[in-house]
1. In whole Hz and in residue order, list the ³J(HN,Hα) couplings for segment 22-32 that follow from phi through the Karplus curve 6.51 cos²θ - 1.76 cosθ + 1.60, θ = phi - 60°; x for Gly and Pro.
2. Per residue, how much accessible surface does segment 48-115 expose to a 1.4 Å probe? Answer in Å², no decimals.
3. Name the residues whose placed amide hydrogens come within less than 5 Å of the amide hydrogen of CYS66, ignoring near sequence neighbours (fewer than 5 apart) on the same chain.
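The values are calculated or read from the model by the stated rules, or taken from the named source; none is laboratory data. All values derive from a computational prediction rather than experimental measurement. All accessible areas refer to the heavy atoms of the entire protein, side chains included, with ligands and DNA or RNA removed. Shrake-Rupley method; radii C 1.70, N 1.55, O 1.52, S 1.80 Å.
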Amino acid sequence: MSNAKVLPLLEPAPGEAVAPCCPPLTERPFTAEEAETAARMFKALGDPVRLRLFSAVASHEGGEACVCDISDVGVSQPTVSHHLKKLREAGLLTSERRGTWVYYRVEPSVMAAMGRLLAAPRPRNRLTTDRAVPGLYNPAGQTP
C-alpha cells in the first residue's frame, strides 16, 4: 500500500487560455515571481528527454498527441510519465484523459508567451544615414 497523495493539477478551466508567464526579457527586469515562473519553465525544458517530448507534442499533427504516440524517446514508460508530469507542472503542457490514454497539448498561448519572452528587442536609436560613416563597414563603396 502506498502513502502517496494525489494532488490536483493546476490547469486552466475549459475555454480559458493559459496566462503568459512573463514580459520579454528585454522589456524590464523580472520580479521575483516572474523569475521563478520563467526558471521553472526553463528548468523543465533543460532536460533533453523533456525537450524531445515537448517538441513531439508541439509538432504533432492536430496540435495534440497521445502518450502512446510520443513515448519512444529512449527511456521507460514510467520515466516518460514523470517527464510529462514535470512539463505539466511547469505550465508547458495540458492533458486530457480519454479512456485509457492521456492526450497532451501545448496551448497556443504558451507558445506565444515563450516567443514573446525570448523575442529580440527592437532596435533603439539606430543610426540611419544615406552616407557612409568613416571607419564603418561600407558595402556600397560610398565615400563619406
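1. Once θ is set to phi - 60°, the couplings for segment 22-32 become 8, x, x, 4, 8, 6, 6, x, 5, 6, 4 Hz.
2. Ligands and nucleic acids excluded, the figure is 52 Å² per residue.
3. Amide H neighbours of CYS66, under 5 Å, 5+ apart: TYR104.
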